[in-house]
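Right, one structure below, let's go through it.
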Amino acid sequence: MSESKYNLSNAKFGGGFAEGTQTGGTFNDYSTNNTAEQKIETNNADVKTILVLAANPKTTSRLRLDEEVREIDAGLQRARKREQFNLQFNLQVRWAVRVRDVSQALLYFNPQIVHFCGHGGGDDGLALEDETGSVQYVSTAALAKLFELFSQRNQKNPIECVIMNACYSEVQATAISQHIPYVIGMNKAIGDKAAIEFAVGFYSALAAGESIDFAYKLGCNSIAMAGIPENLTPILKVK
């Protein structure tokens, strides 16, 4: 992954997704220019919503966020064509996520899987965007409290898994795992290629009806199979 040409004090950068275009299927691109929104109902237990929250502030290095979202969507589409799998997924994406957008998106889409992607700052928190597109960190304590609230809100279709696809995000994963059954974070820096391989393996397994634990292991193995020495970077936290 290329290094940032900007001076972002104390930030540790990680892989995830980047700005891009829709690739088809049920993938929905909610850019900052979109005014129309569609609320996805998840009353059917066989339908799960994956909410991707992507942020790549203008003062940070560019990430390949669009490629990872495209690969996730492709994996879900391949599994959707196999009629023996009854489980269906709705993939919803928010780009250029600001702090206030997180709770609004959780309220709006009632997701079962929440996937943060972008830059992580370790103890400084998760790097989202402010109104100008610059970095605004959200603290670990605030994130943990947010997911505590949502774990109490929706008992019928609760959040099952949170993926923090950003560098040094294990600290946030540990805190959130007090309230959410499965949380995945990164214990050090992770490059774009490793982040993409993990996501492809993880979501392909989920779409094939496998458990979150199996999907996590396949995601890690996918990194190793690609010859990338970062397969021990993703860490699974279980409540």
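Give the residue that is surrounded by the fewest Cβ atoms within 10 Å (Cβ to Cβ), with candidates limited to residues of the stretch 186-209 that are in a helix (DSSP H, G or I) and of a type in the set (A, V, I, L, M). If we take residues in the stretch 186-209 being in a helix (DSSP H, G or I) and of a type in the set (A, V, I, L, M), then Val200 is surrounded by the fewest Cβ atoms within 10 Å (Cβ to Cβ). Could you check the stretch 195-224 and list, in sequence order, the residues that are out of contact with any Asp or Glu (no Cβ under 8 Å at 6 or more places or on another chain), more than 18 Å from Cys161 (Cα to Cα) and in contact (Cβ under 8 Å) with a residue 24 or more places away in the chain? Listed by number, the list holds a single entry, Glu197. Across the stretch 106-117, not a single residue is classified as in contact with a Ser or Thr (Cβ under 8 Å, 6 or more places away or on another chain), surrounded by fewer than 19 Cβ atoms within 10 Å (Cβ to Cβ) and aliphatic (A, V, I, L, M). Would it be correct to say that Ile159 is assigned to a loop (DSSP other than H, G, I, E, B), at pLDDT 95 or above, closer than 17 Å to Glu68 by Cβ and not hydroxyl-bearing (Ser, Thr, Tyr)? For Ile159, the condition - assigned to a loop (DSSP other than H, G, I, E, B), at pLDDT 95 or above, closer than 17 Å to Glu68 by Cβ and not hydroxyl-bearing (Ser, Thr, Tyr) - is not met.
Of all residues assigned to the stretch 221-239, none qualifies as being crowded, with 22+ Cβ neighbours inside 10 Å, of a type outside the set (A, V, I, L, M) and over 30 Å from Leu149 (Cβ atoms).
The values are calculated or read from the model by the stated rules, or taken from the named source; none is laboratory data. Not measured: the values here are computed from a predicted model. Quick reminder, even Gly has a Cβ in these numbers, built from the backbone with ideal geometry, and neighbours come from all protein chains shown.
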